[in-house]
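Only one structure is covered here, and it is reproduced in the block below.
The values are calculated or read from the model by the stated rules, or taken from the named source; none is laboratory data. Source: prediction; values computed, not measured. Ideal geometry is used to build each Cβ from the backbone, glycine not excepted, and the neighbour counts take in all protein chains shown. These accessible areas exclude ligands, DNA and RNA; they are computed on the full protein's heavy atoms, side chains included. Shrake-Rupley method; radii C 1.70, N 1.55, O 1.52, S 1.80 Å.
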Amino acid sequence: MSANPVQHQRTKHIEIDIHFVRDFVASGQVRVLHVPSRFQYADIFTKGLPTALFIEFRSSLNVRRSPAHTEEGYYVPYLPEDEKKPEIGDIFDTFDVGYDMYKAYAEKGRFNVRKSGQKTYKGKVTHKYVLCNRAGKVRDKFDKNALKECDNENEKKDGKRKRKRKTKSSVTNCPAKIGLKAIRGTGSWKIFDFVENHNHLLLNENNMDLSRVRRQLHFGDYIFIHRASLSNIGPTIAHRLKVALIGGYDKVRGTPWDYRNFKRDVNLFIGDRDAQMIVDKMINRQLHVSKFSFEYHVFHDELVSMFWADETMKCNYAVFGDVVSLDATFRTNKYDFVFVPFTGIDRNQKCVTFGAALLSDETEESYIWMLEAFLKVHQKQPPLALTDQDAALRNAVVKIFPESKHRLCDLEADSDFRKKFHKLIWNVYIGPEVFEKRWNALINSYNLQDNKWLSDMYAIRDRWIPGYFKEFPICGLMKTTSRSESSNAFFQIYSHKGNTFVQFMLCFESAMEKQRYTHRVMDNTTNSSTPSMITKLPIERHACDVYTHSIFREVQHEIHKDRLAAEVHATIEDCVGLIRNDTDKLNQFLTTVKALKKQLEDEMPKPDYAHNKEALFSDLLGVTVPDRVVINNPKKSSNKGSKRRKSTVEDVKTNKKPRTTRKVPFKRRACGKCGVLGHNRRKCTGKKVMNKDEVQVQEVEKEDDVQFVDEEYESDEDTASDEDTASDEDTGSDEHNANDEVESDDD
């Protein structure tokens, strides 16, 4: 009508205010498009449509076919005509066959079923029933009210004060069911009762993935949840990953709650048999796997420590065991046991594990047992053992490894003199004497003589300063703090603080598999490829043939750096030789070099040195169910890394002494200054009363102070005269001045 302005008989039924659209169309402000009937979804409410178009519109509007509703108020499942329904008299070979048939019918009819009671006669089952999942009467659920908050009489039951639980009920006393009767003399079953009607709405077609049948997990789902847990992936995230892999929540069996329930069932399966299971598993592996070693210690029927090492760990220690780093790791299991890996460096400069231990505490006895087990397995002491500042571990290393050199890990300084501090301690070209001299100079320049931490670290300088270990090839373990932290962080990726011993061991095996896979990849890269050469020097080609790629890159960098430095020196010498007779050119060249030097100093940073679930669980965990538990699970240990540190306020509240109700009379109080009764220090006007012994001690102290001042004044004059004499001598008298300074300090 907007395109054709001609009036006709039917236009008189259109309201006049609608005609303004035609004016906008005529002016070009509005453009009207033709919409075919197959896109006019509103026609489903206003006119009759063909069957195919009606079904298409109904599906597009998210309208589903409602279940058949009878006059009595019941709902009948709708099935296509070619689908067979259960009928009374149907015979099945076994009860399970009949139950599977009714489950398939329920899934198509959009409702859930469950097995119900049975009848027996002379010890034999004669009747069984399968009901709708919403069958049964709603029962009131009560819970004990421990706080006794409500006093209403209607909330009392059985003489005890109780309150209702905030739960939901899905039962509606639905009558739908099927009854099967055993045929006497055979193993067959026959349907003798069938009720089709339901008294509740059936499941939505779009929510069938939430039905009871579709939520049942299969063996593949169990495997996926278990393998995800080995990489520290919980059941909720595992379900999210499954959805992303398959492509939708409606395509995944089970919900996140079902995944969490499976994880809960695994933990319940382990339960109090955790320690016995892990010991039995490791002993069985020791019997059947060659060169696998396992040691454990039980005290008062509780597991307190374990140590294990396989054949690969032993081979790695035999080749790369020159330096061993020990560092305890916390929060890897539910018992708060300390995890101690023995770490080294392989030929690819990657961390390699020589063995591992789980300890209940960090005492010296536990560390001694661990090191004895390590020595028993590997049969030799490491040339160099590196630890943190744990006194118990240090003492154990000294006792068990007397032939080994003990060194502390790298220390981090966060103060202003950090750069100078690192430059001093990481200088591998100086000996102990030069280090001690420079240390004293650095401490004196920053007035840190009273710093307790620096004083303590200087007292044990022979255990962590590289200058004291010049004869040992420390290699990549020189900076052991970062190496140990890297190794600990690697194991933390695969472990969780809530793991049992069985689960922790599975996670440890996954971590070791990843570590060895990385080593294999790097070895394969070294054997199958050749890095590019920077120079044509024979030493670079020889280094490529001898070293792995990771080591060769460092050697190549040093070769290239020395070559460039030599070229720079040669170029400068050539330039000086060309302009040696021209003073102006020399001045210009010198100015240019100084400007370049200043630019480099500004731009370049300074170097920093710085269904049978038990069988399923047994297969997944690789353990067997013990007949009886002899070794009990340990109690939760209390270590320094497993508890939250109390704040200052909490510490004050804990140690605060309670006030006594009885006060000392004021007249009986003694003044803290003079010792007289009747007043306190604030109101005291007299001096402190001293007895004869105190007066004599004070006079002796005064005489000692005067004598000490005179001696110090004389030593200062001697030092000054020595310095004047030394100024007239040549530079070869540095040692004499240093000795004078040391003597003055001693005075």
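Descriptive notes on the structure:
- Rounded, prolate or oblate (a/c below 1.5 giving rounded, otherwise prolate when a/b exceeds b/c) for region 419-460 by Cα gyration tensor: prolate
- Protection-proxy order for peptides 552-564, 335-347, 391-403, each taking the mean of Cβ atoms within 10 Å per residue, highest first: 335-347, 391-403, 552-564
- Per residue accessible area in Å² of region 226-341, where ligands, DNA and RNA are left out and the probe is 1.4 Å: 46
- Entry comment: accessible area of region 346-401 is 36 Å² per residue, from protein heavy atoms only and a probe of 1.4 Å.
- Vicinal HN-Hα couplings computed from phi for region 119-134 (Karplus, 6.51 cos²θ - 1.76 cosθ + 1.60; Hz; Gly/Pro x): 10, 10, 9, 6, x, 10, 6, 10, 9, 9, 10, 10, 10, 5, 5, 9
- Diffusion constant of region 208-341 at 37 °C, which comes from Stokes-Einstein with the Kirkwood Cα-pair radius and 0.692 mPa s, µm²/s: 180
- Solvent-accessible ranking of E107, E365, E540, largest area first, probe 1.4 Å: E365, E107, E540
- Across all Cα atoms of region 32-132, the radius of gyration (one decimal) and Dmax (whole number) stand at 22.0, 83 Å.
- Total formal charge among the other residues, if their Cβ is under 15 angstrom from that of R516, Lys/Arg +1 and Asp/Glu -1: -1
- When the surface is traced with a 1.4 Å probe over the full set of protein chains, C507 keeps roughly 10 Å² accessible.
- Dipole magnitude of region 253-392 about its Cα centre (Cβ charges: Lys, Arg +1; Asp, Glu -1), debye to nearest 20: 820
- Region 306-362 - percent of accessible surface contributed by carbon and sulfur, probe 1.4 Å: 45
- Farthest toward the positive end of the dipole of region 286-365, out of A356, F337, V289, is the Cα of V289, where the dipole comes from beta carbon charges about the Cα centre.
- Taking all protein chains as they are arranged and a probe of 1.4 Å, the heavy atoms of K673 leave approximately 80 Å² accessible to solvent.
- One Cα centroid belongs to region 326-369, the other to region 564-580; the line between them spans 55 Å.
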